[in-house]
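Supplied in structure tokens, the structure appears directly below.
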Amino acid sequence: MVDAGTIEFFRHALGQEEKARVLAALDETILTTGETVSEAEQALADYLDVRHVVCLDSCTAALHLALLANDIGPGDEVIVPAITFIATANAVVMAGGTPVFADVHPDTGCLDPDAIARCLTGRTKAIMPVHLYGLMCDMEALASIARERNLALIEDAAHCLEGRRAGSRPASHSKAACFSFYATKAITCGEGGALATNDETVARRVRKLSRHGMTTSAAQRYGKNYEHWDMDELGWKYNLDNIRASLLLPQIHKLDEYCGRRRKLAARYEERLRDVDGVQFPTVPDGAHSSRHLFTIWVDPRRRDAIMTDLQERGIGVAVNYRPVHLMKYYRQRFGYTLGDLPVAESIGARTISLPLYPQLTDEQVDRVVDAVSDVVGSHCPATAADAPREACVQHS
């Protein structure tokens, strides 16, 4: 039982409607990938205004298969931003490729198109932008680079199901956009994901790769008329099941409602935090409709961890999204990245704290969080962004 005075970092919005859909799914003969999954895929395709959606076991699975469906493998390099969840880079390694980390924009934390030129080589095959915190990257600029260099563009849109920018949405400019239905996402089924694309060939290959490379689905094999199947390439067990898809269906129709509430809460955070000394936060450019998946602040890096501890002791749930991936031990040891390689990402990674943000959060709770942040940050010595020691990004072992 959570203490009444605690403001949790996140709380899901699943209720009676979702429970009823799960019970209905349990009454069906097919519990794995079947009609309920197809219904969820169509609802998501309609929402995103794309031709094809394939529901999968996770966003990581979607990223992995998007790379494979675009023939990216050993010897190929994929440009990824250094500020993201590790799954973005891990998917490249899983596909056999090499992630090449690029620096991010200092105002947003998103992949900086101007940084890409420094990462390009003759082995570059793709760019994988991340729509950080729900803000779409500058996809027109990235698409222009991709066209000029004949590169695949694959979006990590785990935070950005509802996002828009300059009239475009995820999958508008790319080969595929990949989404997450993890426990903390805008809609959730505990674990799950999806790939959206307007390319029928990509969709068909991803669907087959998600079921071990088999040429038929379980519904086809165990339906009324048995169909013999074959396996013509190696695949993975990445398909989503009817039970989890049933959880998603009622939530898809609430996406805009949930997003609208998060946007109002984020605006309240910004209004109240704008004049707090020692606190900065990422910006949302004009013309962008952020899904406001996360609300992060940037504080004195020398005091960041102490500030988090103080907030937690006051019953405020916090997190760090994210430490720069290129300084994770695995990537430092395998690919030789070192502190100082990507200074903007390292500075952001050392200063970031994520605050509670979800539709059930009340205005009063936001005010409590802000008051706590103001008090705690004020009790620590502030520093400017230029003073940020990036060593806080490195996980020592």
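Within the stretch 174-208, count every residue that is buried (at least 24 other Cβ atoms within 10 Å of the Cβ) and of a type outside the set (S, T, N, Q).
14
Identify, by number, the condition in (1) touching a Phe, Trp or Tyr at 6+ places or on another chain (Cβ under 8 Å); (2) within 18 Å of residue 321 (Cβ to Cβ); (3) surrounded by fewer than 22 Cβ atoms within 10 Å (Cβ to Cβ) that residue 244 doesn't meet.
Of the numbered conditions (1) touching a Phe, Trp or Tyr at 6+ places or on another chain (Cβ under 8 Å); (2) within 18 Å of residue 321 (Cβ to Cβ); (3) surrounded by fewer than 22 Cβ atoms within 10 Å (Cβ to Cβ), the odd one out for residue 244 is (2).
Can you name the residue in the stretch 311-360 that is surrounded by 23 or more Cβ atoms within 10 Å (Cβ to Cβ) and polar (S, T, N, Q) and, of all such residues, is farthest from residue 266 (Cα to Cα)?
Only one residue tops the list, namely 347.
If you don't mind, another one. Quick one: how many residues across the stretch 20-31 are surrounded by fewer than 17 Cβ atoms within 10 Å (Cβ to Cβ) and closer than 7 Å to residue 242 by Cβ?
2
OK, next. Taking only pairs six or more apart or across chains, which ones have beta-carbon atoms under 8 Å, a first residue in the stretch 265-284 that is under 11 Å from residue 370 (Cα atoms), and a second residue that is among the charged types (D, E, K, R) and surrounded by fewer than 17 Cβ atoms within 10 Å (Cβ to Cβ)?
Listed by first residue and then by second, the contacts come to 268/363; 268/367; 272/367.
For (1) among the β-branched types (Val, Ile, Thr); (2) closer than 16 Å to residue 68 by Cβ; (3) touching a residue at least 12 places away in the same chain (Cβ under 8 Å); (4) part of a helix (DSSP H, G or I), each residue gets a yes or a no:
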{"site": "144", "(1), (2), (3), (4)": "no, no, no, yes"}
{"site": "161", "(1), (2), (3), (4)": "no, no, yes, no"}
{"site": "170", "(1), (2), (3), (4)": "no, no, yes, no"}
{"site": "173", "(1), (2), (3), (4)": "no, no, yes, no"}
{"site": "178", "(1), (2), (3), (4)": "no, yes, yes, no"}
{"site": "190", "(1), (2), (3), (4)": "no, no, yes, no"}
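Looking only at the stretch 286-317, how many residues end up being more than 22 Å from the chain's Cα centre (by Cα) and outside any loop (DSSP other than H, G, I, E, B)?
Residues in the stretch 286-317 being more than 22 Å from the chain's Cα centre (by Cα) and outside any loop (DSSP other than H, G, I, E, B): 11 in total.
Please pick out the residue among 216, 283 that is within 14 Å of residue 295 (Cβ to Cβ) and part of a loop (DSSP other than H, G, I, E, B).
Result: 283 is the single residue among 216, 283 that is within 14 Å of residue 295 (Cβ to Cβ) and part of a loop (DSSP other than H, G, I, E, B).
Just to be sure, is residue 322 of a type outside the set (S, T, N, Q), in a loop (DSSP other than H, G, I, E, B) and under 30 Å from residue 25 (Cβ atoms)?
The answer is no for residue 322.
Read-outs throughout are calculated quantities, based only on the coordinates presented, and are distinct from any laboratory measurement. These figures come from a predicted structure and were not determined experimentally. Every residue, glycine among them, receives a Cβ derived from its backbone with ideal geometry; neighbour counts consider all protein chains shown.
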